[in-house]
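First comes the structure, then the notes that go with it.
The values are calculated or read from the model by the stated rules, or taken from the named source; none is laboratory data. Since the structure is predicted, the reported quantities are computational estimates derived from the model, not experimental observations. Positions of Cβ are backbone-derived with ideal geometry, glycine not excepted, and every protein chain shown enters the neighbour counts. Heavy atoms of the whole protein, side chains included, go into the accessibility calculation; ligands, DNA and RNA do not. Shrake-Rupley method; radii C 1.70, N 1.55, O 1.52, S 1.80 Å.
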Amino acid sequence: RNKTTCLLKADIISTVEFNHTGELLATGDKGGRVVIFQREQESKNQVHRRGEYNVYSTFQSHEPEFDYLKSLEIEEKINKIRWLPQQNAAYFLLSTNDKTVKLWKVSERDKRPEGYNLKDEEGRLRDPATITTLRVPVLRPMDLMVEATPRRVFANAHTYHINSISVNSDYETYMSADDLRINLWNFEITNQSFNIVDIKPANMEELTEVITAAEFHPHHCNTFVYSSSKGTIRLCDMRASALCDRHTKFFEEPEDPSNRSFFSEIISSISDVKFSHSGRYIMTRDYLTVKVWDLNMENRPIETYQVHDYLRSKLCSLYENDCIFDKFECVWNGSDSVIMTGSYNNFFRMFDRNTKRDVTLEASRENSKPRAILKPRKVCVGGKRRKDEISVDSLDFSKKILHTAWHPSENIIAVAATNNLYIFQDKVN
Amino acid sequence: MEVQKEAQRIMTLSVWKLYHSRMQRGGLRLHRSLQLSLVMRSARELYLSAKVEAHEPDAPLPPARPADPRLHPPREAEEATTEAAPPDGEQPSPEPMDTQEAPGAEEEAAAPARCALRPAKASRKRRSSCSLSDGGDPGLIPSKRARLEEEEESMEADPDEEAAAAARVADRLQPAPAQSEGAFPNLAQVLQRRFSGLLHCSPASPPTAPAPREAKPACRPQDSVLNVLVRAVVAF
């Protein structure tokens, strides 16, 4: 290798999320920082120049902490960011690390009060004896400043590592899920939370599965789902009981016995679960596939998409290098017609649910000149390799795309490739 | 035999990963520990069934046991213990482990001899592992004195530094002695019996963070990292 690239672990992006209008895009990284991008207003002069995303605000959300009681360090890595719908001029988002959820307010300031009566220009209090006239401060314009302030800190509610947060459609509550428990919070109350799911066995030696992801229904504020490491999804109704240990629906696909191996159990673990925008479907991601489930059919998914089935014969090596534990996310597009998820070698895949066509694209600097059209990629699984194809053995497993996001209404996607963020837009006709 | 070797290798790897995951930032991850123990259990089941097949057909099978997972998943993160299946049902005399890297078949009886080969500074650990091979439990229950001595040792001895540091970490994460009696003799005994042949492998530095490598068509030959792990484990 001629070039040495300095990759700071803290810069690795760990979550990506558009807000509800798509105007803002937030990323969190392993160093506990949040960077928010804002889409530029489209200018009337350049109709063909779509709004581009530029940095809007950067702040340190979480710091590393130390739990003295357990002699454990708490990582500052941002596991998830979720936006609240906008209700006034300020933006609000939730960000979480392994143990603590924080509500951040991001607001603009473009005016500054000047001319205080009791303070001088530098803000120091003036000697009262020298004050002879009354002055009322006036607001004068200043350079735009975007400030982020932590409004709430929801701490000390999770023994295990938080993997998900989800804002409820009532906009008053949200949930946080760790390996064994899910808690319901009210945004206004930080010293209390309701435990709504608890799968911790009385005897930890009998532990067989953990919670891997959880999400509220987009419209029904009483309904949520959570996925497990065994490849199952449970839908719960909070009206049924205070503790939702008994599910309302249980989604599980019977295992294909021909696919059984050492690693069957761990590759069936669901790494992400997402409701469709319509609320009619849920999508789950396990190590090799993406599945779409109809809420009305529990015994099997309605669609299964192979993300990188060529890895099925490599599971042993992927276990050795820990790649088999990678947690890929999945996203819907705004109309629920296309789903997207990441893979290795900086590849990401899109599946059109209607046409059943799929495409593999690559997020890399070499292939991404501005305005260039992404070329579909193909992995050669054996036999003769064509010119543009990549063989499975040449894939770079250190370049993985775990986090992607899709604009809520337009064909704009954000793809996190290690420490780089790529934003792709549909080409303008 | 190939199947047996492969299963053994995966067991070894899983134990190493389980152990190594303790020292990660952020502490033990329950999901990861569970997944590792599941793989270890599958590998162990395969290993045992392959072993049974390899023996004469009329050899006595291991006594029937309830279907509960033998391989106890790790306890809560704050306890941070790992357990292996209890060694019940296993043959009383350990079979020699024939591996490509071991100079020859090894027996458990070699354990005291191995202990003698260790550097003199690791006196506490040596005694523990010797008493383990005798089947004695008291050596495994950590005492305050043991911890202090290990800390002193770890400051002096380079070769044992990693193992001592690991032992310190493990000691700090120990459950109450009453609980550990059940867990640790099992894990250590299993390792002692299963992998005693590998202890003669030249100590190689374990891959601290296995860098993601390109997947190869076949699994690589096993690493000789186990001896570091076993040294650390028997030091409990």
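Here are some notes:
- Highest to lowest packing among A:337-344, A:193-200, scored as the average C-beta count within 10 Å: A:337-344, A:193-200
- Note on exposure: A:Leu7, B:Leu28 ranked by accessible area (1.4 Å probe, complete protein assembly) read A:Leu7, B:Leu28, with the most exposed listed first.
- Of the residues A:His158, A:His277, A:His219, the one that moves most in a GNM of chain A with alpha-carbon contacts below 10 Å is A:His219.
- Inter-chain Cβ neighbour average for residues A:317-327, partner chain, 10 Å: 6
- Local net charge near A:Thr248, Cβ-Cβ under 12 Å (Lys/Arg +1, Asp/Glu -1): +1
- Mean partner shielding of peptide A:372-381, defined as the number of other chain Cβ atoms within 10 Å of each residue Cβ, is 0.
- Choice from A:Gly115, A:Gly28, A:Gly123 with maximal GNM fluctuation in chain A (Cα, 10 Å cutoff): A:Gly123
- Report note on the peptides A:382-394, A:169-181: ranked by the mean count of other C-beta atoms within 10 Å, highest first, their order is A:169-181, A:382-394.
- Largest accessible area first, the residues A:Glu76, A:Glu205 order themselves as A:Glu205, A:Glu76 under a 1.4 Å probe with ligands, DNA and RNA left out.
- Entry comment: accessible area of chain A is 50 Å² per residue, from protein heavy atoms only and a probe of 1.4 Å.
- Spin-label model distance (nm) - A:Lys427 vs A:Ile373, 7 Å beyond Cα toward Cβ: 0.3 nm
- Segment A:Thr149-A:Leu243, length gained on full extension (0.36 nm per residue, minus Cα span): 30.5 nm
- Accessible carbon and sulfur surface of chain A relative to its total accessible area, %, 1.4 Å: 48 percent
- Euclidean distance between Cα centres, region A:263-287 to region A:149-211, Å: 20 Å
- In region A:168-208, the residues that give up 10 Å² or more of accessible area when the other protein chains are added, compared with the chain on its own (1.4 Å probe), are A:Asp179, A:Lys200, A:Met204, A:Glu205, A:Leu207, A:Thr208.
- With contacts taken as Cα pairs under 8 Å at a separation of at least 6 residues, chain A carries a relative contact order of 10 percent.
- Positive contributions from Lys and Arg (+1) and negative ones from Asp and Glu (-1), summed over other residues with Cβ under 11 Å from the Cβ of A:Asn168, come out at -2.
- Counting, for every residue in A:265-275, the Cβ atoms of other protein chains within 10 Å of its Cβ and taking the mean gives 2.
- If you plug the beta carbon distance of A:Ala10 and A:Ala89 into 1/(1 + (r/R0)^6) with R0 = 30 Å, you get a FRET efficiency near 0.40.
- On the basis of the beta-carbon distance and an R0 of 56 Å, A:Asn186 and A:Glu366 show a calculated FRET efficiency of 0.70.
- Highest mean packing first, where packing is the average number of other Cβ atoms within 10 Å per residue, the peptides A:315-327, A:366-378 line up as A:315-327, A:366-378.
- Residues of region A:89-125 with an amide N closer than 20 Å to a point placed 7 Å from the Cα of A:Val136 along the Cα-to-Cβ direction: A:111-120.
- Buried on complex formation within region B:17-48 (loss of at least 30 square angstrom of accessible surface versus the isolated chain, 1.4 Å probe, ligands and nucleic acids ignored): B:Lys17, B:Arg25, B:Gly26, B:Arg29, B:Leu30, B:His31, B:Arg32, B:Leu34, B:Gln35, B:Leu38, B:Val39, B:Ser42.
- Seen from A:Ser368, the other residues with C-beta closer than 11 Å to its C-beta sum to a net charge of +2, counting Lys and Arg as +1 and Asp and Glu as -1.
- Residue (of A:Tyr91, A:Asn168, A:Phe59) at the positive-pole extreme of region A:29-168, dipole from beta-carbon charges: A:Asn168
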